[in-house]
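Only one structure is covered here, and it is reproduced in the block below.
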Amino acid sequence: MVAAWFQCFRGCPGKYSLYDVMYTCPTCGGLLEVAHDMAALRARSAAGWMSLFERRASTTQWPYGSGVWGKREWVIPDLADDNIVSLFEGNSNLFWAERLGKQIGLPDLWVKMCGNSHTGSFKDLGMTVLVSVVKQMIARGQPIRAVACASTGDTSAALAAYGAAAGIPTIVFLPQGKVSAAQLIQPIAHGALVLALDTDFDGCMKIVQEVTQDNTIYLANSMNSLRIEGQKTVGIEIVQQFDWAVPDWIIMPVGNLGNISALGKGLLMMKELGLINRLPRLVAAQAARANPLYRSAQTGFQEKVVMQAQQTLASAIQIGNPVSYEKAVRTLQAFEGVVEQATEHELADAAARADRTGMYTCPHTGVALAALFKLVARGVIQSHERVVVISTAHGLKFTQFKMGYHEDTLPEVEAVAANPPVYLPPDARVVKEVIARRIG
């Protein structure tokens, strides 16, 4: 029987059940990680795993049609089918960004559209795992009353949706006035208890950690390593979509740093089990107004930088004290990683350029694309290389960002690609004149 358990990320001795309420190592206080019985997983050959994952992709057989649960032996192997809470997350489009790639001299550019998911974000991949484990914990008699998270928007939407599907109450802590209306309404609609606090994300995180010291309220933030197990499947899925070929680079926007840690974990697992024989290089992209990892990288990660994150258009990564810093640093070191930043103008301009080629990008994807443009311009990323940018959320969640850009009202942004509507009288002659001027 394949098994998985919690253990200390820093290496302290001890194995702990995934169904115990715990988030940090009882010895050193560091983060936990989910460890897998790799010897048992090696009983199936690399070719055997590939064949199994291919057969399961998009099947209607429960629960394997999910991009996460199609890889269940690598995620939470002993979870009962009846306790899996899935909204058929994952299997998102790997989009060939042909036009945008040609514009920057990078013909092999791809964008992983994780926003094409149930709640419109990458966070679904992790939340299906966490809520499923909680459902099994409750079935085993754990007295859990609710699941709670601090969020800049997408985490709360995912938790509320999966909690609603499972019938488990959810509580979300949001920084007041710093979440888009589209993100705010999602947990409200799903029946979550929404608490808008007059603070930033880091302040919300402090409160939720205090509240979840009561073990009947379960913590769902990314310091809970169960979410990493679902999120790690994005890297596996990317390689699978390339017929098991590894791209040269994968770029993603980062805030609390759980996502880049998860990406690395899935790829390292593939290499250890023989499905791939090399690793891509990773890029962690931050907004310049909330860039503690970037600042730390400037000194070779000699120490963790904690800052007061300033307001940024990329609100979901407006985090100054990332919880998963240690995990992210180890990941970047293992993958020859690069940390890059983007100004408000750079991220907005990058998102607009992508939209002009058929995408509809969130501001955080704009951060990742801006980092890509910089690395290509500096020659760090070469024109012959295959690059994947992970788009973490759907642009529809950020309509005000889009409107602000095209109305040229965003601070620190020069809206060079603004395309506001043209208001005209109902006069065919005038209409024809405008068409002639604009498109010939």
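Each residue of region 143-151 is assigned a 3J(HN,Hα), and the resulting list reads x, 8, 8, 6, 10, 10, 8, 8, 7 Hz, derived from the Karplus form 6.51 cos²θ - 1.76 cosθ + 1.60 (θ = phi - 60°), x at Gly and Pro. Charging the Cβ of each Asp and Glu at -1 and of each Lys and Arg at +1, and nothing else, the dipole of region 120-199 about its Cα centre rounds to 240 debye. Multiplying the residue separation of Gln103 and Glu414 by 0.36 nm and subtracting their alpha-carbon distance yields 110.0 nm.
Between 0 and 90 degrees, the angle of helix 124-139 with respect to the longest Cα principal axis of the chain falls at about 30 degrees.
Ordered from largest to smallest accessible area (heavy atoms of protein chains, 1.4 Å probe), the residues Val208, Val306 come out as Val306, Val208. Counting only Cα atoms, region 137-212 measures 38, 26, 14 Å along its principal axes, largest extent leading. Each Lys and Arg contributes +1 and each Asp and Glu -1, all at the Cβ; summed about the Cα centre of region 13-97, the dipole is approximately 300 debye. Less than 15 Å Cβ to Cβ from Ile439, Lys/Arg counted +1 and Asp/Glu -1: what total charge do the surrounding residues give? Local charge sum for Ile439: +3.
Between helix 46-56 and the chain there is an angle of about 70 degrees, using the helix long axis and the longest principal axis of the Cα atoms. Under the criterion of Cα pairs below 8 Å and six or more residues apart, the relative contact order for region 158-229 equals 28 percent. The string of couplings for region 418-426 from the Karplus curve (6.51, -1.76, 1.60, θ = phi - 60°) is 4, 9, x, x, 9, 8, 9, x, x Hz, one whole number per residue in order, with x for Gly and Pro. Helix content alone sets the calculated 222 nm mean residue ellipticity of the chain: runs of n ≥ 4 DSSP H residues at -39500 (n - 2.57) each, divided across all residues, give -11000 deg cm²/dmol.
For the chain, the residue among Ile104, Gln7, Phe242 whose Cα projects farthest onto the positive side of the dipole built from Cβ charges is Phe242. Fully extending the segment from Thr27 to Trp244, taken as 0.36 nm per residue of separation minus the present Cα-Cα distance, adds 74.2 nm. Here the chain has 51 percent of its accessible surface on carbon and sulfur atoms, given a 1.4 Å probe and all protein chains in place. Please give me the summed charge of the neighbours of Arg72: other residues whose Cβ is under 11 Å from its Cβ, Lys and Arg +1, Asp and Glu -1. Net charge in that neighbourhood comes out at -2. Charges were assigned to the Cβ only: +1 to each Lys and Arg, -1 to each Asp and Glu. The resulting dipole of region 229-382 about its Cα centre is roughly 200 debye. Rounded to the nearest 10 square angstrom, Lys102 shows an accessible area of 140 square angstrom against a 1.4 Å probe.
For region 205-239, the residues whose amide N sits under 18 Å from a probe point set 7 Å from the Cα of Arg10 along the beta carbon direction are 223-225. Averaged per residue, region 115-185 has 28 square angstrom of accessible surface, using a 1.4 angstrom probe with ligands and nucleic acids left out. Distance between the 7 Å Cα→Cβ label points at Arg429 and Ala43: 8.4 nm. Axis of helix 154-166 versus longest Cα principal axis of the chain: the two differ by about 50°, to the nearest ten degrees.
Hydrodynamic estimate: the Kirkwood radius of the chain over Cα pairs, inserted into Stokes-Einstein at 37 °C and 0.692 mPa s, corresponds to D of 148 µm²/s. Heavy atoms of the protein chains alone define the surface here; on that basis region 307-433 has 44 Å² accessible area per residue at 1.4 Å probe size.
The values are calculated or read from the model by the stated rules, or taken from the named source; none is laboratory data. Not measured: the values here are computed from a predicted model. When we count neighbours, we look across all protein chains shown, and the Cβ atoms used for this are built from the backbone with ideal geometry, even at glycine. Accessible surface is based on the protein model in full, side chains and every heavy atom, while ligands, DNA and RNA are left aside. Shrake-Rupley method; radii C 1.70, N 1.55, O 1.52, S 1.80 Å.
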